[in-house]
Amino acid sequence: MIKLFKAALLAAALTMPLTSAPASAATPANALVVAQNIDDIVSIDPAEAYEFSSGEYVTQTYDRLVQYDAPDVKTLAPGLATEWVADDAARTITFTLRDGVKFTSGNPLRAEDVVYSFKRVVALNKAPAFILTQLGWTPENIDEMVKADGNKVVVKYDGDFSSAFVLNVLASRPASVVDAVTVQANEANGDMGNAWLKANSAGTGPFVLKTFRPAEIINLVANPDYFGGAPAMKTVIIRHVAEAATQQLLLDTGDVDIAKNLTPDQIKGLAAKDNVKVETYPQAAVHFLSFNQKDEALQPEAIWDAARYLVDYKGMTDSFLKGQMQTHQAFWPSGFPGSLDDTPYTYDPAKAKQILADAGIKTPIKVTLDVINSTPFTDMAQSLQASFAEAGINFEIIPGTGSQVITKYRARTHEAMLLYWGPDFMDPDSNAKAFAFNEDNSDDNYQSTTTWRNGWAVPAEMNAATKAARAEADPAKRNEMYVDLQKKVQEKSPIVVMFQAATQVALATNVEGYVNGATSDFVFYRLVTKK
């Protein structure tokens, strides 16, 4: 009765405005309560979900044929398919479905559900659809490209890439499998259930959506029949709390178990508390400094080489970037298969000056540096301004709004640029195309890559290596090829990767088993327990 009473009090409290908190509280032993800013959500339909918070939600409620799963988010593992056979020559992968899987409606998983799910993404053509349509799928050919065959799904693709690449595409968010019977029963005006799935779930995942109120709450309940094992937490409540101060207050008083959006200063203040712990997780975005090769003065490779020794990596990560970023000097983020985690460059202005002198580069050099006018970017720019000046490279900082900076970047009218980049899905090719590939550098051949935007005509051998890695079928060999490609870019490129973003999560000390990978798609609650 006491547990029921406390649960009732919690439910009542969660329906009230968060204007104040009780002096003491505790969440139920079988419930996880999270304070998080979730007002970015536009849709929770997996065919449309394209925001950070919606990605986290989709992972809790849906599965894919293959997926990166807790606790090992670095290894592609069986999901709704237990095995698959790839034929790279025929550009076909045949998946065998797991026996006995049921949707949370009770309907059995069928190959037809997978076919419908993929077709639905292509037909609706919402924001994340491009991830699947890059496989050559269109509304006109999807029936031929994805077919059901008993308990097998036969997937065809059309493109100059390997089955390893395709598997990573099929492990992405829009490849989540929905219950075709339930979704079709809730169609309205030919929307393929889109409106209904914005307020309901229809997956096989470890949790089922009980309540979603935009910018207010996501309430999930455990799926007792989940094929990976029923979650220990019977309920997960993600409460929208926009203000970091309120999140901290709720965590301090025990009203929530996890706070997701605390500031670095708040995180620092938690060090003395024995009821809270802080865990740091690398995130997918890499931050870089780049030099536009359309500017003749920035074309000497000695400038690129010297720049790598003029970034005060440790000085920044030990001060204003502490907890927000970690030193990372390769284009593919740490925490993903195929990442290069070596950090061979350190702040050494004397060495940088020698590199410039040996190459006959006359200093001082004046270079404009475009930067988004917000923290921590302006702080990073000021640090770069001070450290590069030590070698006679003088940055003139030009702050602007995000749209102003990116518009200038896309037009290739900048000199130096401070920005960041994140992958659209978990495959190294998504970043290799951006940092190591540019076969046509002409002004009228716009490409959404860092190489083209910086006017860098990538050497032919590097372009060839990027295409070869994309086409390599063996996953282990493919990852090795991407590591080698990152080393080449790390050593010789006008794009200097400096940092990888990180997120810090504050948890009650009794919370164990929480997994937070490098993207919001890799946040998992199903293994959480409370001591």
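If you average the alpha carbon positions of the stretch 83-158 and of the stretch 264-306, how far apart do those two centres end up, in angstrom?
Going from one Cα centre to the other spans 38 Å.
With just the Cα atoms defining each centre, how far is the stretch 351-396 from the stretch 511-525? Give it in Å.
Centre-to-centre (Cα) distance: 38 Å.
Could you bin all the Cα-Cα distances of the stretch 92-236 into 5 Å bins starting at 0 and give me the percent of pairs in each, rounded to whole numbers?
Once binned at 5 Å, the Cα pair distances of the stretch 92-236 give 2, 9, 17, 20, 20, 16, 9, 5, 1, 0.
Can I get the semi-axes of the stretch 80-122's equivalent ellipsoid? Compute them from the C-alpha gyration tensor as square roots of 5 times the eigenvalues, in angstrom, largest first.
Numbers: eigenvalues 103, 43, 6 Å².
For the stretch 80-122, the semi-axes come out at 23, 15, 5 Å.
Does anyone have the angle between helix 349-358 and the longest principal axis of the chain? Alpha-carbon axes, 0 to 90°, nearest 10?
It is inclined by approximately 50 degrees.
On the protein heavy atoms, probe 1.4 angstrom, tell me the percent of accessible surface of the chain carried by carbon and sulfur.
Working: 11190 of 21590 Å².
Carbon with sulfur: 52 percent of the solvent-accessible area.
Measuring from label point to label point, each 7 Å out along Cα→Cβ, what is the E512 to D348 span in nm?
Those two pseudo-labels are separated by 4.5 nm.
Would you give the gap between the C-alpha center of the stretch 242-256 and the C-alpha center of the stretch 181-202, rounded to a whole Å?
Using only Cα atoms, the two centres lie 35 Å from each other.
Return the sequence-ordered ³J(HN,Hα) values of the stretch 298-310 in whole Hz as given by the Karplus equation 6.51 cos²θ - 1.76 cosθ + 1.60 applied to θ = phi - 60°, using x for Gly and Pro.
Taking θ as phi minus 60°, the curve returns 9, 7, x, 5, 4, 5, 4, 5, 5, 4, 5, 9, 10 Hz for the stretch 298-310.
Quick query: amide H of I397 versus all other amide H atoms, modeled in the peptide plane; which residues come in under 5 Å with a sequence gap of 5 or more or a different chain?
L369
So, taking all protein chains as they sit and a 1.4 Å probe, how much accessible area belongs to D341, in Å² rounded to tens?
Counting only protein heavy atoms, D341 exposes about 80 Å² to solvent.
Enter the accessible area per residue of the chain (Å², integer; probe 1.4 Å; all protein chains in place).
On the way: 21590 Å² over 531 residues.
Accessible surface, normalised per residue, equals 41 Å².
Do any of K152/K477; K268/K530; K322/K467 go past 31 Å between their Cα atoms, and which? Kindly include the intermediate steps, with their values, before the conclusion.
Numbers: K152/K477 28 Å; K268/K530 24 Å; K322/K467 37 Å.
Too far apart for the 31 Å limit: K322/K467.
Could you give each residue of the stretch 105-111 its phi-based ³J(HN,Hα) in whole Hz, using Karplus coefficients 6.51, -1.76, 1.60 with θ = phi - 60°, and x for Gly or Pro?
Using θ = phi - 60°, the values come out as 6, x, 5, x, 5, 10, 4 Hz.
Taking Rh as the Kirkwood radius, which is the inverse of the mean 1/r over Cα pairs, what is the Rg/Rh value for the stretch 197-248?
Working: Rg = 12.9 Å, Rh = 12.2 Å.
Result for the stretch 197-248 is an Rg/Rh of 1.06.
Using the Cα centre as the reference, give the magnitude of the dipole from point charges on the C-beta atoms of the stretch 53-134 (Lys, Arg: +1; Asp, Glu: -1; all else neutral), rounded to the nearest 20 debye.
Numbers: 9 positive and 10 negative charges, 65 e Å.
Here the stretch 53-134 has a charge dipole of around 320 debye.
Along the Cα→Cβ direction, 7 angstrom out, place labels at D443 and K362. What is the inter-label distance in nm?
2.8
Relative contact order for the chain: what is it in percent, counting Cα pairs under 8 Å that are at least 6 residues apart?
Averaging sequence separation for qualifying contacts and normalising by length gives 20 percent for the chain.
What FRET efficiency, computed as 1/(1 + (r/R0)^6) with R0 = 51 Å and r the Cβ-Cβ distance, is obtained for S105 and Q299, rounded to the nearest 0.05?
Numbers: r = 61 Å, r/R0 = 1.19.
E between S105 and Q299, to the nearest 0.05, is 0.25.
Angle check, please: helix 2-14 long axis (alpha carbons) against the longest principal axis of the chain (alpha carbons), in degrees 0 to 90, nearest 10.
Approximately 50 degrees, to the nearest 10.
Modelling each spin label as a point 7 Å along the Cα-to-Cβ direction, I'd like the A468/K314 distance in nm, to one decimal.
The two pseudo-label positions are separated by 3.7 nm.
Each residue of the stretch 509-525 in order: what ³J(HN,Hα) in whole Hz does its phi give by Karplus 6.51 cos²θ - 1.76 cosθ + 1.60, θ = phi - 60°, with x for Gly and Pro?
Calculated HN-Hα couplings, in order: 5, 7, 8, 10, x, 6, 10, 10, x, 7, 9, 5, 5, 10, 9, 10, 10 Hz.
If I fit a long axis through the Cα atoms of helix 52-61 and take the longest principal axis of the Cα atoms of the chain, what angle between them do I get, 0 to 90°, rounded to 10?
In the chain, helix 52-61 runs at an angle near 40 degrees to the longest axis.
Give me the Kirkwood hydrodynamic radius of the chain in Å, from all C-alpha pairs, to one decimal place?
24.8
The values are calculated or read from the model by the stated rules, or taken from the named source; none is laboratory data. What you see is a predicted model, and the numbers here were worked out from it, not measured in a lab. Glycine gets a Cβ as well: all are built from the backbone with ideal geometry, and neighbour counts include every protein chain shown. Just the protein is used for accessible areas: all its heavy atoms, side chains included, with ligands, DNA and RNA removed. Shrake-Rupley method; radii C 1.70, N 1.55, O 1.52, S 1.80 Å.
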